[in-house]
1. From the list F153, F180, F186, F135, exactly one residue is surrounded by 14 or more Cβ atoms within 10 Å (Cβ to Cβ), modelled with pLDDT of 90 or more, in contact with a Ser or Thr (Cβ under 9 Å, 6 or more places away or on another chain) and over 25 Å from D286 (Cβ atoms). Which is it?
2. Look at K373 and say whether it is assigned to a loop (DSSP other than H, G, I, E, B), crowded, with 16+ Cβ neighbours inside 10 Å and touching a residue at least 60 places away in the same chain (Cβ under 8 Å).
3. When the residues of the range 252-273 are filtered to those that are among the β-branched types (V, I, T) and assigned to a loop (DSSP other than H, G, I, E, B), which remaining residue is nearest to A293 (Cα to Cα)?
4. Pairs, please: C-beta under 8 Å, at least 6 apart or cross-chain, first residue more than 17 Å from H507 (Cα to Cα) and acidic (D, E) and in the range 446-465, second modelled with pLDDT of 75 or more and outside any loop (DSSP other than H, G, I, E, B)?
5. Would you pick out the residues in the range 382-402 that are in a loop (DSSP other than H, G, I, E, B) and either out of contact with any strand residue (DSSP E or B) (no Cβ under 6 Å at 6 or more places or on another chain) or at pLDDT below 90 (or both)?
6. Among (1) modelled with pLDDT under 75; (2) surrounded by fewer than 18 Cβ atoms within 10 Å (Cβ to Cβ); (3) among the β-branched types (V, I, T), where does I440 come up short?
7. List pairs: first residue in the range 476-487 and more than 23 Å from D386 (Cα to Cα), second residue surrounded by 10 or more Cβ atoms within 10 Å (Cβ to Cβ) and among the basic types (K, R) anywhere in the structure, Cβ distance under 7 angstrom, at least six positions apart or on different chains.
8. Could you check the range 138-150 and list, in sequence order, the residues that are more than 24 Å from G232 (Cβ to Cβ) and at pLDDT below 75?
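The values are calculated or read from the model by the stated rules, or taken from the named source; none is laboratory data. Since this is a predicted model, take the numbers as computed values, not measurements. Quick reminder, even Gly has a Cβ in these numbers, built from the backbone with ideal geometry, and neighbours come from all protein chains shown.
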Amino acid sequence: MKKLILLMILQLFVLKHLFAQTTNDLRGVRYYYSTPTLGDLSSSLVGFKPLTIEEKNDFYYLSGKATFSNYLIKINKFSNTPVWDYRDSVFSPVVGITFTSDENILMATSVICVSNSNCIDDSIKITKLNPNGEFEINKFPVDSDTSTIISAFDRIRPDVNIASGWKDYPSSVGTPVSAFPLAFPFLININDNGLIVDSALLPITNTYQNLIVMNGIAERTFPYKNDYLTFGSFQRQYSTNQLNRYTLCPVLWHWNSDTIYTTREILANYPNHNSEESDEQMLNCDGSQNSFAFTFVKSTDGTNPDPYPVYVAYIDSTLNVIWDKKIGNLPPEYGYDIHNVKISPISGEVFVIGQCINMDTYAATQFVAKYRKNGPLLYIKYFTIDESSDNKIFTLSILEDGDLIFAGRSYKDGITSFFTYRTGPDGYHPDGQYVGIQEITASETEIGFFPNPSDGIFQVSSISTEPMRITMLDQQGKQVAQFDLDELSSDNSFDLNDQAPGVYFAHISQGDLHWVKKLVVR
């Protein structure tokens, strides 16, 4: 009997080890060139741009837009093979997918057209797919005198999925140009069967701070306590000194099915904002556990050395902006193209991803920035994927184990493909190569290495006594050493004397915190 129990324990140990190894092997970049039903990507999925990626039951689901159609693709994350793909021949992209309680997938497609214009399908489509890829389509016709645009699709609560967008009333159908507003924020409530339950227009005023409001746009909707919170924009006059200039400014609506509690510009009472002007344009937003983050760009007057600076801002459960941070601090010739912002449901930390572009040479590299929920920057990393500058990430999802999963598009050796790229919570995997255009730093009051440069021996200081793991990488992203400091004290040290002189990156994990430090061995 003892032998049998011992054998069972050994089997469980082996299975656990194999499973852990399999999971670890998921990290890194994986390219997809074809799907079972559509054949060669270079012809069928040409230009496929993943706009969302989600993980469900050991599968990745990628949705997005190709040149002549949009797609939802299911991929087995262990075998690295597409299982099925759904194709819809319309020009507008998939704006989001949600998963129902019975594990079906709802996919929303926004067809951008005016009723009397020449368009493919004058409706909003909700496609319901089961895990095998079988589908049914429900259509939501638009009004005869409007164009209806959906910008996002999110699961709010069981049997509640909200499509956010706007209705545009063009002057060509009889609306005077001088009549404001011309566009209204628009929401559609869709149940888990993919059917329209109801729809509503959110209110906007004709004036705000005594300035004319031309349009209102709903970008995304989230659960908020027992109610809902919708993020969007007003398009209004820039300032009392520039009445002929109309710009966008971030707005939120706090509402439920019966009442609109709040409609206001998000930054109106924020000290870092010039309340006399409409100077910020929302790029994207995310929410988790009644906290929210959004990115925005400032449309400056050209006197600023950085003509289009981009920022990330954090909103707490009181719906007040707590902090905002300018993204990156590279010289003015570098511009930032923001693709996604995410709040971790695990830690509350904020991630921003996108591209950093040298405006003189147009050379581009990817970046990921991570912020604590109280504002400090934990890291910002600039990297290429698989040593290719033609790989471009578009979207990010945070997985249950804290890993990050990116999706993007690649052009390599004359072949167009799409890819997934999975990293740890620190945003690193050896397939990502650092480009070294900015030192990655964290607060010196939290962790420090000295002396730096060093002949090989580095002392470690930390205000925390939690165990620390230090993984050392060279400039090519190759791991050269790893150190575990289990009992931190004032004289902790590690030795890199066996490494060649040069620059190394120390990836430090301590509790749920992560840093990256650049160290120099002389």
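1. Details: F153 fails: over 25 Å from D286 (Cβ atoms); F180 fails: modelled with pLDDT of 90 or more; F186 fails: over 25 Å from D286 (Cβ atoms).
Criteria check complete, one pass: F135.
2. Working: assigned to a loop (DSSP other than H, G, I, E, B): yes; crowded, with 16+ Cβ neighbours inside 10 Å: yes; touching a residue at least 60 places away in the same chain (Cβ under 8 Å): yes.
Spelling it out, K373 is indeed assigned to a loop (DSSP other than H, G, I, E, B), crowded, with 16+ Cβ neighbours inside 10 Å and touching a residue at least 60 places away in the same chain (Cβ under 8 Å).
3. Restricting attention to the range 252-273, the residues satisfying the condition of being among the β-branched types (V, I, T) are 259-260, 262-263, 266.
After this cut, where a residue has to be assigned to a loop (DSSP other than H, G, I, E, B) as well, the list is 259, 266.
Details: T259: 24, I266: 11 Å.
Applying the filter and picking the extreme gives I266.
4. D455/V521
5. The initial filter retains those residues of the range 382-402 that are in a loop (DSSP other than H, G, I, E, B), namely 386-387, 389-390, 399-402.
Those that are in a loop (DSSP other than H, G, I, E, B) and either out of contact with any strand residue (DSSP E or B) (no Cβ under 6 Å at 6 or more places or on another chain) or at pLDDT below 90 (or both): D386, E387, S389, D390, E400, D401, G402.
6. Every listed condition holds for I440 apart from (2).
7. Pairs found: D484/R469.
8. Here is the first cut: in the range 138-150, the residues more than 24 Å from G232 (Cβ to Cβ) are 138-139, 144.
Of everything in the range 138-150, just one residue is more than 24 Å from G232 (Cβ to Cβ) and at pLDDT below 75, namely S144.
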